[in-house]
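Worksheet: the structure to be examined is printed underneath.
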Amino acid sequence: DFHVYAITRRGFGESGFAPLTSGSDTFGDDALAVLDALKLERPVLAGHSIGGQELSSIGTRYPNRAAALVYLDAAYPYAFDNAKVPTFKELSEVGFPQPPPPTDADLATFDQLRRYYTRVLGFTFSEGELRQKRPATAEGHVGPPRSFPGGRVLTAGMNQYVDIRTPALFLVSSQSPGRWAETSADAVIKKQVAAMSALQERQAKAIEDGLPGARVVRLPGANHYVFLSN
């Protein structure tokens, strides 16, 4: 029933890069430029993770440019911050537990890397996604992660978005770090996971209280990539 356009941010993939002119609102302006170029009127905008800042930028400054906003686990302080949400300092102090890195055997081929993610996280990424993030070596192995210029400015000049006036749906995961953490007996990891979940619930509650017109849907047991499954 829908036609989907995927936008690649400035400084990622084959998109060009230029310095930001208005902090995180620059990314919102970029998205609006795409809507103008494609002559799209009031589309539904969906954003994952840090894509929430583009959604909130547009929903705050140009609420009538989109029919609705869908936040795919993108409900973090860069998307909504009324001074009652967890700060990035609090989030960093908890520390998100990191999975064991892939071994040389896991990086032998892209298929092996996909198997690594299935084993460690409980889900995997498409080979096309992995090849976008990592080049292949001359020997056909998986190379190191690419460094895109856009990645260095994603959180530069973040704004506090409070008055989001476009109808919004927030899908919030429990941010499960993956199968490896769920089966871990490490007390430190278990404590980190519990603390992070508490902070995420605080963020979700702040959105419900601050944006009564928005709908917040919690997805227990879902990981950050809420659109991927086994």
TODO: Can you run down the residue pairs with Cβ atoms below 9 Å, 6 or more apart or on separate chains, where the first is in the range 159-170 and closer than 12 Å to Ile58 by Cα and the partner is open to solvent by 60 Å² or more (accessible area, probe 1.4 Å) and outside any loop (DSSP other than H, G, I, E, B)?
DONE: Arg165/Asn64; Thr166/Asn64; Thr166/Arg65; Pro167/Arg215; Ala168/Arg215
TODO: Can you run down the residue pairs with Cβ atoms below 8 Å, 6 or more apart or on separate chains, where the first is in the range 84-105 and in a loop (DSSP other than H, G, I, E, B) and the partner is small (Gly, Ala, Ser)?
DONE: Lys84/Ala206; Lys84/Gly210; Val85/Ala206; Pro97/Ala181; Pro99/Gly178; Pro99/Ala181
Open item on the list: So, in the range 107-126, how many residues would count as being out of contact with any strand residue (DSSP E or B) (no Cβ under 8 Å at 6 or more places or on another chain), assigned to a loop (DSSP other than H, G, I, E, B) and under 23 Å from Ser184 (Cβ atoms)?
Closed with: 2
Open item on the list: I'm checking my understanding of the structure. Among residues of the range 131-158 that are in a loop (DSSP other than H, G, I, E, B) and within 17 Å of the chain's Cα centre (by Cα), which one is surrounded by the most Cβ atoms within 10 Å (Cβ to Cβ)?
Closed with: Leu154
- [ ] Quick one: Arg10 ticks every box in (1) among the basic types (Lys, Arg); (2) under 28 Å from Leu199 (Cβ atoms); (3) crowded, with 16+ Cβ neighbours inside 10 Å except a single one, so which number is it?
- [x] (2)
TODO: Would you point out which residue out of Gly95, Gly128, Gly122 is surrounded by fewer than 15 Cβ atoms within 10 Å (Cβ to Cβ) and at positive phi?
DONE: Gly95
TODO: Go through the range 172-230 and give me each residue that's surrounded by 16 or more Cβ atoms within 10 Å (Cβ to Cβ) and basic (Lys, Arg).
DONE: Arg179
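The values are calculated or read from the model by the stated rules, or taken from the named source; none is laboratory data. Here the structure is a predicted model, which means the values were calculated and not measured. For neighbour counting, all protein chains shown are included, and Cβ atoms are generated from backbone atoms with ideal geometry for every residue, glycine included. With ligands, DNA and RNA removed, areas are computed over all heavy atoms of the protein, side chains included. Shrake-Rupley method; radii C 1.70, N 1.55, O 1.52, S 1.80 Å.
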